[in-house]
Amino acid sequence: MRKFLVVLDESRECLNAMRFAAMRAAHTGGGVEVLAVIPPDEFNHWIGVGDIMREETRENIQVHFEVFAKWMRDRQGVDPELVIREGEPVAEIYAQIAEDTEIGVLVLGAGSGKKGPGPLISKLMKSAEDLPIPITIVPGKMTKERLEAIT
């Protein structure tokens, strides 16, 4: 089964990427894999404090994921899977793609502000020629109705 890999983060455009991936998966018989990456510098504290913060971050990711997962299950009939990795986001995206050969498309949401598409897209574009799969970039301002029409 071909999977759509979506990166879960706190950005608004992440919602459109999730919607697009779920709708495409539903229409093509594919799956959705949601990747959350915890940056390594987030837990540079005493060992005990760092462990507690890491666990809280994982719990927050799980809660955030469940919001998207419920919508995907209820509205699209797609049961997404969550993968949490720790490290540099671009390196972890490459590692996940290498480890899961069913991933066929990377789906990212593009920011619509003056700051550009977002740091993740900017970094990935610098090394996009090395990706073994295509990237779909979903505009953050695209309406839900337009997403439904094109998927």
Could you work out how far apart the two model spin labels at ALA95 and VAL83 are, taking each label as a point 7 Å from the Cα in the direction of the beta carbon, and quote it in nm?
1.1
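Can you put ILE61, ILE135 in order of Cβ neighbours within 10 angstrom, beginning with the fewest?
Details: ILE61 18, ILE135 15.
Going from sparsest to densest Cβ surroundings: ILE135, ILE61.
Once you order the gyration tensor axes a ≥ b ≥ c over the Cα atoms, which shape class does region 94-151 get: rounded for a/c under 1.5, otherwise prolate or oblate by comparing a/b with b/c? The partial results should precede the final answer.
Numbers: a/c = 3.00, a/b = 1.34, b/c = 2.23.
It comes out oblate by the Cα gyration axes.
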Determine the calculated [θ] at 222 nm for the chain from helices alone, applying -39500 (n - 2.57) to every DSSP H run no shorter than 4 residues and normalising by the residue count; nearest 500 deg cm²/dmol.
-14000 deg cm²/dmol
Using amide H atoms built 1.01 Å from N in the peptide plane, name the residues 5+ places from LEU8, or on other chains, whose amide H lies under 5 Å from its own.
LEU35, ALA36, VAL37
Sum up the lysine pairs in the chain that clear both bars: alpha-carbon distance under 25 Å and a spacing of 8 or more or different chains.
17
Using the count of nearby Cβ atoms within 10 Å as a rough guide to exposure, how do GLU99, GLU88 rank from fewest to most?
GLU99, GLU88
Listed residues VAL138, VAL34, VAL83, most fluctuating in the chain (Gaussian network, C-alpha, under 10 Å)
VAL83
Taking ARG54, ARG75, ARG24 and counting other beta carbon atoms within 10 angstrom, the fewest-first order is ARG75, ARG54, ARG24
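Can you tell me how region 59-107 classifies by the Cα gyration tensor, rounded, prolate or oblate, using a/c under 1.5 as the rounded cut?
On the way: a/c = 2.93, a/b = 1.44, b/c = 2.04.
Oblate shape, in that a/c is at least 1.5 and b/c is the bigger or equal ratio.
Every read-out reported here was derived from the displayed coordinates using simple, explicitly stated rules and does not represent laboratory data. The structure displayed is predicted, hence computed values, not measured ones. In this analysis, Cβ positions are derived from the backbone assuming ideal geometry, glycine residues included, and neighbour counts consider all displayed protein chains.
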